[in-house]
1. Go through the stretch 25-49 and count every residue that is surrounded by fewer than 16 Cβ atoms within 10 Å (Cβ to Cβ) and more than 24 Å from residue 131 (Cα to Cα).
2. Tally up the residues in the stretch 66-100 that are touching a helix residue (DSSP H, G or I) at 6+ places or on another chain (Cβ under 8 Å) and closer than 21 Å to residue 122 by Cβ, please.
3. Could you tell me whether any residue of the stretch 129-150 is free of Cβ contacts under 8 Å to residues at least 24 places away in the same chain and not in a helix (DSSP H, G or I)?
4. Failed condition for residue 56, given (1) free of Cβ contacts under 8 Å to residues at least 60 places away in the same chain; (2) under 17 Å from residue 20 (Cα atoms); (3) touching a helix residue (DSSP H, G or I) at 6+ places or on another chain (Cβ under 7 Å); (4) part of a helix (DSSP H, G or I), with all others met?
5. Residue pairs, Cβ under 8 Å, 6 or more apart or interchain, first in the stretch 4-20 and at negative phi and assigned to a helix (DSSP H, G or I), second at pLDDT below 85 and exposed (fewer than 10 other Cβ atoms within 10 Å of the Cβ). List them.
6. Could you list all residues from the stretch 81-128 that are more than 13 Å from the chain's Cα centre (by Cα), at pLDDT 95 or above and surrounded by 20 or more Cβ atoms within 10 Å (Cβ to Cβ)?
7. Which is touching a residue at least 60 places away in the same chain (Cβ under 8 Å) and under 17 Å from residue 24 (Cβ atoms), of 99, 93?
8. Go through the residues of the stretch 105-113 one by one and say whether even a single one is touching a helix residue (DSSP H, G or I) at 6+ places or on another chain (Cβ under 6 Å), farther than 23 Å from residue 33 by Cβ and part of a helix (DSSP H, G or I).
């Protein structure tokens, strides 16, 4: 995060990063299992790492991504080279998370959204998955964060 971006008051960026990583794992489990998100959230709440993550942000991401899945997938579709359901499940989860933050969390700078998505995909995804995720989210950011994107 560059020096000239003020950190919103009371936001622990490291805890938010951990919340995103946990949310990715929960999204993956939701996509693969078909379990309702409330059940997934319940399972993840009991794991010890959640104590050091931003639990409110974690839950906010998951509940909203579940509710807005159709909208998020439709926003991603023009930038994908295949159907959303054919995208690798880890990459699909990262793309949905990134799309949600780009479209509905203007408090999170688009560069942070994309950087977190790349880092998470490098950690959990396929070898070159991060370049795919970067390309898709960069195009979506240009579309939905135009003013900020051109700065």
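The values are calculated or read from the model by the stated rules, or taken from the named source; none is laboratory data. Since this is a predicted model, take the numbers as computed values, not measurements. Methodologically, a virtual Cβ is constructed for each residue, glycine included, from the backbone with ideal geometry; neighbour enumeration extends over all protein chains shown.
1. Result for the stretch 25-49: 13.
2. Residues meeting the conditions: 17.
3. Looking through the stretch 129-150, none of the residues is free of Cβ contacts under 8 Å to residues at least 24 places away in the same chain and not in a helix (DSSP H, G or I).
4. The number of the failed condition is (3).
5. Correct list of pairs: 13/7.
6. Result: 87, single match.
7. Numbers: 99 fails: touching a residue at least 60 places away in the same chain (Cβ under 8 Å).
Of 99, 93, the one residue that is touching a residue at least 60 places away in the same chain (Cβ under 8 Å) and under 17 Å from residue 24 (Cβ atoms) is 93.
8. Let us first name the residues in the stretch 105-113 that are touching a helix residue (DSSP H, G or I) at 6+ places or on another chain (Cβ under 6 Å), namely 108, 110, 113.
With farther than 23 Å from residue 33 by Cβ added as a condition, the list becomes 108, 110, 113.
From what is left, the residues that are part of a helix (DSSP H, G or I) are 110, 113.
Yes: the stretch 105-113 contains one or more residues that are touching a helix residue (DSSP H, G or I) at 6+ places or on another chain (Cβ under 6 Å), farther than 23 Å from residue 33 by Cβ and part of a helix (DSSP H, G or I).
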